[in-house]
Amino acid sequence: MELQERVREFMRQTMTAMGLTVDVEVKDNPDGIRVEISGEGAEQLLRRRAEALDALQLIVNTAFRRHLDDDRSFVVDSLDYRKGKDEELRQMARFMMEKAKMSGPQEMGPLNPYARRLVHLTVAEDPTLSSESIGDAHLKTVIISVRR
């Protein structure tokens, strides 16, 4: 069975075990593999600041990431919640980038690994700026500063 189909089946079984009726679609993109959840029960995953969605993303990446041939990862989204949050985070990173140019280094965080990656990719779009993660826990702070 192909990896995408195994992920789809894993998610279907997990959602059924959670008592949720959902549709699961797996899309292969250049920047990652998106697992999109929709349907009646999908809204349940967004309660409590989408903790269940974050937990599912961690589980899927732990279970299946080693089967990928590259450094991409899985993004689990429900009703385009993460897509909207990702754009918010990118906009905040761009704001902090402008602030770093005017006022010096700026901090964002604490952020989980997924959010840090989005911030680092956004900062990398501007060759005059750099970013680094600091901290030794799962949640780290990203420092955005002007390159020297």
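Every number in this text was worked out from the coordinates using simple rules, so none of it is lab data. Bear in mind that the values here come from a model prediction, so they are computed numbers and not experimental data. Neighbour counts run over all protein chains shown; Cβ positions are idealised from the backbone, glycine included.
Before moving on, here are some points about what is shown:
- The stretch between L46 and E9, if pulled fully straight at 0.36 nm per residue, gains 11.2 nm over its current Cα-Cα span.
- Burial ranking of peptide ranges 85-97, 136-148 (average Cβ count within 10 Å, highest at the top): 85-97, 136-148
- Volume of the Cα convex hull of the range 3-79, divided per residue and given in Å³: 82
- Calculated Kirkwood radius over Cα pairs in Å (choose from (1) 16.6; (2) 15.8; (3) 15.4), label: (1)
- Take the convex hull of the alpha carbons in the range 84-146; its mean projected area over all directions comes to 3.7 nm².
- For the range 1-47, GluC sites (Glu not before Pro) are listed when DSSP marks them as loop and at most 12 other Cβ atoms sit within 10 Å of their Cβ; the list is E2.
- The range 116-143 residues near the modelled L58 label - backbone nitrogen below 14 Å, point 7 Å along Cα→Cβ: 137-140
- Helix 113-123 vs. the chain, principal-axis angle (Cα, 0 to 90°, nearest 10): 40
- Tilt relative to the chain, helix 47-64 - C-alpha long axis, 0 to 90 degrees, to 10: 80
- Angle in degrees between helix 81-103 and the longest Cα principal axis of the chain, rounded to the nearest 10: 10
- Positive dipole terminus of the chain, leading residue within M92, L3, V146 (C-beta point charges): V146
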